[in-house]
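The next block holds one structure in the form of structure tokens; read it before the comments.
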Amino acid sequence: MAIPAASTTLITVAPTGAELDKADVPQLPTTLEELVETARTCEAAGAAMIHLHIRDGEHRPTLDPARLRDAVQAIRSETDLIVQLSTGGSVHDPLEQRLTVLDAEPDSCSLTCGTTNFGDDVFMNPWGFMSDLYVQAQEREVVPEFELFDLGHVAALARLIDRHGLPFGGKVHVDFVTGVPGGMPGTTAALMAGVAMLPPQVTSWSATGIGRSHLPIVAAALSAGGHLRVGMEDNVVFARGRQVEHNSELVARAAEIATTMQRPPMSTSDARELLGIKP
Ligand code: KMH
Ligand code: ZN
């Protein structure tokens, strides 16, 4: 079945990630207060979902269960955003610990569909881990977003669905993460190759471009009917010579471009329906 044309745009904000150092980018939201403020302002700017990585008291990436739970609850109580927790964590996080992210009971979790070279590092996602995460998300009623860094990941997604059936909620939403050194390039051609390969069960897709591929991928995704992920996890340069000061700037610009393209930002309730997330 072809993916229905979307008249609005799901905008996801990925505000923090696990790679940047607060010392290098002081405006990166790392504390709970900064994350809640970011969530609020990004929702006002047009975001419907937040993709969350959290940090410890020293601003280092962590998968601490209590901090994850606190972050989910705080953002839920202050906004209507769909809360998606990263199960990717940082490249240094052990696989078993990445599975425990589901204990924080997010609405959604990321699920990367394969191991990928990640700059000088390797982001590990072996089949057994993907499979366990897929099944545990089904059992815990968490809706996965499938992160596709490479064309082989599209094939692995098809294999996961064939093996385990549809995810909880009955929808299949994927996000192409393009432009990671070692993954698929952040080009229109690579994105369209990925879209062409999507298995028939996929109901919606979004894309993000890392670094300088950020804006070209926004334009390519919108023109091809896809949705958007933006945020400082993926890109900290707003324009040549000018850093991103706040994640909401990236959301606001994406919302403006989407609106110009006659596909304004999607409401949080429509986004829940699109992704199969409980109201
Ligand atoms: N930080 C990367 C190693 C995800 O959130 O699921 C993995 C990542 C993907 O960011
Ligand atoms: Zn992430």
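Things worth noting here:
- Residue order, fewest to most beta carbons within 10 Å, for H92, H173, H227: H92, H173, H227
- Quarter of the Cα convex hull surface for the stretch 113-195, i.e. its orientation-mean projected area (nm²): 5.2 nm²
- The chain: antiparallel DSSP beta bridges as a percent of all, rounded to 5: 20 percent
- Cα centre as origin, Lys/Arg/Asp/Glu Cβ charges: the stretch 11-275 dipole, Debye: 740 debye
- Ascending count of other beta-carbon atoms within 10 Å, so fewest first, for V177, V72: V72, V177
- In summary, the chain shows an alpha-carbon radius of gyration equal to 0.90 times the 2.2 N^0.38 Å reference for compact globular proteins.
- Span from the the stretch 146-222 Cα centroid across to the the stretch 25-91 one, whole angstrom: 23 Å
- Once the convex hull of all Cα atoms in the stretch 104-147 is built, its volume per residue stands at 73 Å³.
- In sequence order, calculated HN-Hα J values of the stretch 15-31 (Karplus, 6.51, -1.76, 1.60; Hz; x Gly/Pro): x, 10, x, 10, 9, 7, 9, 4, 4, 7, 10, x, 7, 5, x, 10, 7
- Residues V83, V202, V251, V237 in ascending order of nearby Cβ atoms (within 10 Å, fewest first): V237, V202, V83, V251.
- The phi-based Karplus calculation (6.51 cos²θ - 1.76 cosθ + 1.60; θ = phi - 60°) puts the 3J(HN,Hα) values of the stretch 138-151 at 4, 5, 8, 6, 10, 8, x, 10, 8, 8, 10, 9, 7, 5 Hz, whole numbers, x for Gly and Pro.
Read the figures in this text as sums done on the coordinates, not as results from a lab. These numbers were taken from a predicted model, which means no experiment stands behind them. Cβ sites come from the backbone with ideal geometry, for glycine too, and all protein chains shown count toward neighbours.
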